[in-house]
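What follows is a single structure, written as structure tokens, with notes after it.
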Amino acid sequence: MTSLVNVMDGLTTRGELVEMMAGGVVRCLACAHRCKIKPGARGVCKVRFNDGGELRVPWGYVAGLQADPIEKKPFSHFLPGATALTFGMLGCDFHCGYCQNWLTSQALRDPAAEVAGNLLRKISPQEVVKAAKRVGAEVVVSSYNEPLITIEWAAAIFKEAVSAGLKCAFVSNGYATPQALAYLAPTLAAYKVDLKSMQARNYRALGGVLQNVLDTIQLAHELGLWVEVVTLLVPGFNDSLEELFAMARFIRSVSADIPWHVTAFHPDYKMTSPGRTPAETLVQAAEVGKEAGLQYVYAGNLPGRVEEYEDTHCPTCGKVLVRRRGYMVNDYRISPAGTCPGCGTKIAGIWPKSTILTKNSTQKYPYPLY
Ligand code: SF4
């Protein structure tokens with residue numbers, strides 16, 4: 001039987017985000033681990049490896065290809081109601097005990113995830129974009145696994161997508177390098193970053209360094225990417241008032257216009273002891289975000305139970321501009337110029353050119369494409 005590692009090693013190409021070093025050693029620059037990899041060895045993510053002095057990186061397959069509402073990523077200020085053709089590969093550079101996607105993210109790192117090999121489908125960047133066109137997607141998104149570790153593949157798809165008139169987005173843990181962001185910037189429009197905690201100790205437990213994520217949020221914003229930040233609130237892990245304020249204040253220090261999504265956890269993978277995040281915790285976190293000066297705060301994963309925190313409000317006059325329930329957009333009022341029709345305030349984000357009621361209130365999601 002062919003093992004998953006052999007199958008995946010066969011679906012690779014030469015990496016571009018790399019620095020060549022003496023003795024055939026390579027330094028991978030795709031994520032902030034910046035692995036120094038000797039010939040025959042692998043990086044922390046396991047999916048990038050040194051083959052005789054050449055960095056090999058994932059290429060030519062998807063482990064998931066699905067049309068989703070953009071609200072599911074989640075993005076609230078990036079083309080609300082758009083269909084997002086979303087693709088993912090396998091692997092991750094973190095090992096979060098509460099990962100909600102662990103079967104795909106922990107491939108090659110956890111033997112229990114070996115079955116993820118059944119999800120692999122060979123495909124070309126052109127075929128991914130054709131699928132996006134076929135389902136009427138306006139956006140192509142790299143998600144499901146950590147897209148930074150498969151960045152060359154995402155960039156190839158994004159190049160095709162931009163040529164076809166589509167916009168592109170990343171759904172990522174934000175563990176990027178300046179080189180990775182510069183590599184993506186020509187084709188990427190929007191970057192969703194998970195800010196998992198403000199405690200260095202918590203990030204160490206997940207497999208990373210907090211400052212690198214904060215730097216990504218700052219740099220992606222400076223590069224002009226549309227950034228939204230998401231925090232999955234895990235009871236007892238990152239939901240103290242002190243920590244919520246620290247997260248909100250940091251985002252505010254970058255820009256009050258960055259939307260912050262606080263979303264509900266459910267027990268998964270290795271973290272089965274804390275219960276689900278109560279709706280009250282989400283509402284309290286959203287209130288903290290407002291108090292810290294953020295203009296746009298959203299509470300997710302508990303539709304209908306989080307008061308007004310699913311909707312977009314004008315920060316000046318308070319008018320409801322986008323009404324949502326879960327991933328559905330039920331009403332949309334922002335003008336084609338991106339302003340509040342009540343008071344004319346400019347609403348930060350990337351908005352549709354027309355104000356017709358967005359279509360995801362009627363489409364059935366998700367629909368897998370293979
Ligand atoms: S993507 Fe990150 S974890 Fe993987 S080899 Fe490169 S630097 Fe290491």
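General remarks:
- Residue tally, condition within 16 Å of residue 306 (Cα to Cα) and either in a helix (DSSP H, G or I) or of a type in the set (A, V, I, L, M, F, W, C) (or both), over the stretch 231-278: 6
- Taken over the stretch 183-207, the residue count meeting the criterion of being among the hydrophobic types (A, V, I, L, M, F, W, C) and farther than 27 Å from residue 131 by Cα is 5.
- Within the stretch 129-157, tally of residues that are more than 21 Å from residue 28 (Cα to Cα) and part of a helix (DSSP H, G or I): 6
- Checked against (1) closer than 28 Å to residue 94 by Cβ; (2) touching a residue at least 24 places away in the same chain (Cβ under 8 Å); (3) away from the ligand (no atom under 16 Å from the Cβ), residue 124 passes all but a single condition, namely (1).
- Neighbours by Cβ (under 8 Å, 6+ apart or cross-chain): first from the stretch 41-62, within 14 Å of residue 27 (Cβ to Cβ); second among the hydroxyl-bearing types (Ser, Thr, Tyr) and more than 13 Å from the ligand (Cβ to nearest atom): 57/13
- Search result, residues across the stretch 305-339 that are on the phi < 0 side of the Ramachandran plot, out of contact with any Pro (no Cβ under 8 Å at 6 or more places or on another chain) and among the small types (Gly, Ala, Ser): 337
- Looking at the stretch 1-118, the strands (runs of 3 or more DSSP E) lying wholly inside it that each contain 3 or more residues that are more than 12 Å from the ligand (Cβ to nearest atom) and buried (at least 18 other Cβ atoms within 10 Å of the Cβ) sit at 64-69, 83-88.
- Under the condition of being free of Cβ contacts under 8 Å to residues at least 12 places away in the same chain and within 16 Å of the ligand (Cβ to nearest atom), the residues counted in the stretch 136-165 number 0.
- Any hit, the stretch 317-329, residues being farther than 30 Å from residue 111 by Cα and in the same structural domain as residue 194 (by TED's automatic domain parsing): no
- Within the stretch 145-167, considering residues that are surrounded by fewer than 24 Cβ atoms within 10 Å (Cβ to Cβ) and not aliphatic (A, V, I, L, M), the one nearest to residue 221 (Cα to Cα): 167
- Count - residues of the stretch 295-311 that are under 19 Å from residue 256 (Cα atoms) and touching a Lys or Arg at 6+ places or on another chain (Cβ under 8 Å): 3
- Qualifying residue in the stretch 281-304 (condition: assigned to a strand (DSSP E or B) and either hydroxyl-bearing (Ser, Thr, Tyr) or farther than 23 Å from residue 190 by Cβ (or both)): yes
- Residue within the stretch 225-238 that is modelled with pLDDT under 95, aliphatic (A, V, I, L, M) and farther than 20 Å from residue 71 by Cα present: yes
- Residues that are in contact with a His (Cβ under 9 Å, 6 or more places away or on another chain) and either aliphatic (A, V, I, L, M) or over 21 Å from residue 192 (Cβ atoms) (or both), drawn from the stretch 94-148: 109, 110
- Test: residue 203 is among the aromatic types (Phe, Trp, Tyr), part of a helix (DSSP H, G or I), modelled with pLDDT of 95 or more and within 27 Å of residue 351 (Cα to Cα): no
The values are calculated or read from the model by the stated rules, or taken from the named source; none is laboratory data. Quick caveat: nothing in here was measured; it's all calculated off a predicted structure. Ideal geometry is used to build each Cβ from the backbone, glycine not excepted, and the neighbour counts take in all protein chains shown.
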